[in-house]
Amino acid sequence: IVLIHFHLHDGIMVGKKKTNDIQFYTEVMELSHALDGSGKRGYGDAEELEDEQKERELRNRLNDEFQKFVRKVEETSSSEIEFDIPYRELGFNGVPHRASVFLQPTVNCLVHLTEAPFTVLTLGDVQIAHFERVQFSLRNFDLVFIMKDFSVTHVNSIPMESLDTIKEWLDSCNIKYYEGTQNLNWNRIIQHIK
């Protein structure tokens with residue numbers, strides 16, 4: 001998928017629902033498939049390699065088109081509208097809602113944009129981050145973001161291999177983080193703070 005996602009400061013009405021997230025995307029795939037089975041080919045043959053090359057070229061062309069659009073919008077808006085590109089190499093798996101997804105940091109956000117519900121966590125709104133269940137005998141840990149408005153966002157079941165990378169990323173964003181071996185009752189803690 002090649003996509004542009006707009007996370008709006010103030011929501012707009014789409015149909016009868018107010019939303020802060022609007023997305024435009026295109027899927028990169030073959031336009032047609034042989035349904036009668038005559039299109040079956042052996043693994044690794046020249047036609048399959050040619051199809052992969054065409055798909056790569058199409059993806060690169062679509063990426064270029066989206067990049068041109070982004071540059072034109074930024075120029076036209078005198079840089080009032082700013083686009084972020086995710087850093088795939090800093091990405092990690094986690095569960096921000098109900099399913100495990102691949103989360104990717106950008107300069108200003110932590111995002112997952114390929115499947116609904118989308119995750120857009122604005123780093124400027126984060127007060128602190130807290131790592132829970134950090135024990136080397138466990139395979140996963142949880143990450144809790146405490147926002148400046150005292151709301152709480154959880155990302156659960158992150159693989160332990162991602163711990164150091166996430167700490168370095170948070171440190172580079174000047175976000176304070178703490179870690180502990182227990183899950184905390186954040187509703188009670190936030191009520192006490194308020």
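The values are calculated or read from the model by the stated rules, or taken from the named source; none is laboratory data. This structure is a prediction, so every number in the text was calculated from the model and none was measured. When we count neighbours, we look across all protein chains shown, and the Cβ atoms used for this are built from the backbone with ideal geometry, even at glycine. The protein model used for the area step is the full one, side chains on, heavy atoms only, and it has no ligands, DNA or RNA in it. Shrake-Rupley method; radii C 1.70, N 1.55, O 1.52, S 1.80 Å.
Roughly how tilted is helix 163-172, in degrees to the nearest 10 and between 0 and 90, from the longest Cα axis of the chain? The answer is roughly 80 degrees.
Counting Lys and Arg as +1 and Asp and Glu as -1 over every other residue whose Cβ lies under 11 Å from the Cβ of VAL155, the net charge comes to -2. Under the classification rounded if a/c is under 1.5, otherwise prolate if a/b is larger than b/c and oblate if not, where does segment 141-191 fall, given a ≥ b ≥ c as square roots of the Cα gyration tensor eigenvalues? Oblate, since a/c reaches 1.5 and b/c is not below a/b. Please identify which residues in segment 155-170 have an amide N closer than 16 Å to a label point set 7 Å out from the Cα of TYR87, following the Cα→Cβ vector. Hits in segment 155-170 for TYR87 at 16 Å: 162-170. Full extension of the segment from ASP51 to ILE128, taken as 0.36 nm per residue of separation minus the current Cα-Cα distance, would add 23.0 nm.
Which of rounded, prolate, oblate describes segment 100-194, given a ≥ b ≥ c as roots of the alpha-carbon gyration tensor eigenvalues and a/c under 1.5 marking rounded, otherwise prolate only if a/b is larger than b/c?
It comes out rounded by the Cα gyration axes.
Accessible surface for the chain, divided over its residues, is 71 Å² per residue with a 1.4 Å probe.
Computed from Cα positions, the angle between helix 46-76 and the longest principal axis of the chain comes to roughly 60 degrees. With R₀ set to 22 Å, the beta-carbon distance separating GLU168 from SER100 gives a calculated FRET efficiency near 0.50. Length available on full extension from ASN183 to ASN20: 0.36 nm per residue minus the Cα-Cα distance, which gives 55.7 nm. Relative contact order, percent, of the chain when contacts are C-alpha pairs under 8 Å separated by at least 6 residues? RCO, the chain: 13 percent. Computed on the Cα trace of segment 95-139, the radius of gyration divided by the Kirkwood hydrodynamic radius gives Rg/Rh = 1.02. Dipole of the chain computed with +1 at Lys/Arg Cβ and -1 at Asp/Glu Cβ about the Cα centre; of PHE145, THR76, LEU49, farthest Cα towards the positive end is PHE145. Its Cα gyration tensor gives the chain an equivalent ellipsoid; the semi-axes, largest first and in whole Å, are 36, 24, 16.
Given charges of +1 on the Cβ of Lys and Arg and -1 on the Cβ of Asp and Glu, with all other atoms neutral, how large is the dipole of segment 62-116 about its Cα centre, in debye to the nearest 20?
Taking the Cα centre of segment 62-116 as origin, the dipole is about 200 debye.
With a cut-off of 14 Å between beta carbons, the residues surrounding VAL70 carry a summed charge of -4, where Lys and Arg count +1 and Asp and Glu -1. Listed peptides 10-18, 61-69 appear in the order 61-69, 10-18 once ranked by packing, highest mean of other Cβ atoms within 10 Å at the front.
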